[in-house]
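The values are calculated or read from the model by the stated rules, or taken from the named source; none is laboratory data. If you're wondering where the values come from, they're calculated on a predicted model, not measured in any experiment. Ligands, DNA and RNA are excluded from the accessible area calculation, which covers all protein heavy atoms including side chains. Shrake-Rupley method; radii C 1.70, N 1.55, O 1.52, S 1.80 Å.
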Amino acid sequence: MDLFKEIEEYAAEYNIPIINKISSNRLIDVVKKNKPKSILEIGTAIGYSALLMAHYMPEDGKIITIEQDAARIDIAYNYIARAGKSEQIQLLDGDAGTILSQLEETFDMVFIDAAKAQYLDYLCKIIDKLSSGAVVIADNVLFRGMVMSEDPPLRRYKTIVKRLKEYLQFVNTDPRFSTTIHYEGDGVAISYYQGANKK
Ligand SMILES: C[S@@+](CC[C@H](N)C(=O)[O-])C[C@H]1O[C@@H](n2cnc3c(N)ncnc32)[C@H](O)[C@@H]1O
């Protein structure tokens, strides 16, 4: 069986959140168009989106992906090894909020897909690590329709919705970014970094 299909089935069976079809098609399009040589992914889960990006990016490109859930990390390692991508994908184990500040690499593409309330914090921590023209993709930015809804969100989602609005406000207004929001599915924001000197 195709490994991607196997991971999809595993994720469905064990309730592991992986990227949906609409967002993954968008992600693949961006990778094909931009041909990033270095990708940072925040939120690996079991390695599905990392493997997708690895499949479509230049062969000599590298991915760093961050995950804090030990059980998911083990599964991701296994799938990455089975796909023969252990050289290409480096999995960092721990809290992204801490790890991001310690990274020294520069990235052509960043895929943000971990804690929804932390998206802006993640972005602020990696702005100085973006190459000129880098693309930042943030998944689930509409959060089940709650971000654009006129109705108040359910209490337990209040902070997430507020913080996702702050993320969108930032990438839509900061002159260093040019952003398109795609409203299909759960919403994807694609932001091109135009360099700090444009400010
Ligand atoms: C939506 S899933 C990622 C799905 C994956 N990108 C895919 O599409 O295959 C989000 C993941 O982020 C992880 N996560 C959440 N907060 C995190 C943090 N602060 N640091 C590292 N990982 C985190 C969760 O454990 C979860 O596995």
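Nearest 5 is fine: what % of DSSP beta bridges in the chain come out antiparallel, could you say?
Here the antiparallel bridges make up roughly 35 percent for the chain.
Output the Cα-based Rg and Dmax of the stretch 52-159 in Å, rounding Rg to one decimal and Dmax to a whole number.
Using the Cα atoms of the stretch 52-159, the pair Rg, Dmax is 15.8, 47 Å.
Can you give me the accessible area per residue for the chain, using a 1.4 Å probe, in Å²?
For the chain, the solvent-accessible area averages 51 Å² per residue.
Would you calculate, for the chain, the mean residue ellipticity at 222 nm contributed by helices, counting each DSSP H stretch of 4 or more residues as -39,500 (n - 2.57) and dividing by all residues, to the nearest 500?
Dividing the helical sum by the residues of the chain leaves -12000 deg cm²/dmol.
Per residue of the stretch 163-178, what does 6.51 cos²θ - 1.76 cosθ + 1.60 with θ = phi - 60° give for ³J(HN,Hα)? Whole Hz please, x for Gly and Pro, Karplus curve as stated.
Computed from phi, the couplings for the stretch 163-178 are 6, 5, 4, 5, 4, 5, 4, 5, 6, 7, 10, 5, x, 7, 10, 10 Hz.
When you have a sec, figure out the Kirkwood radius of the stretch 3-198 from all distinct Cα pair distances and drop it here in Å to one decimal?
16.9
First compute the accessible area of the chain with a 1.4 Å probe, then give the percent of it belonging to carbon and sulfur atoms.
Summing carbon and sulfur atoms, their accessible area is 48 percent of the total for the chain.
For the stretch 143-191, what is the convex hull volume of the alpha-carbon atoms per residue, in Å³?
67
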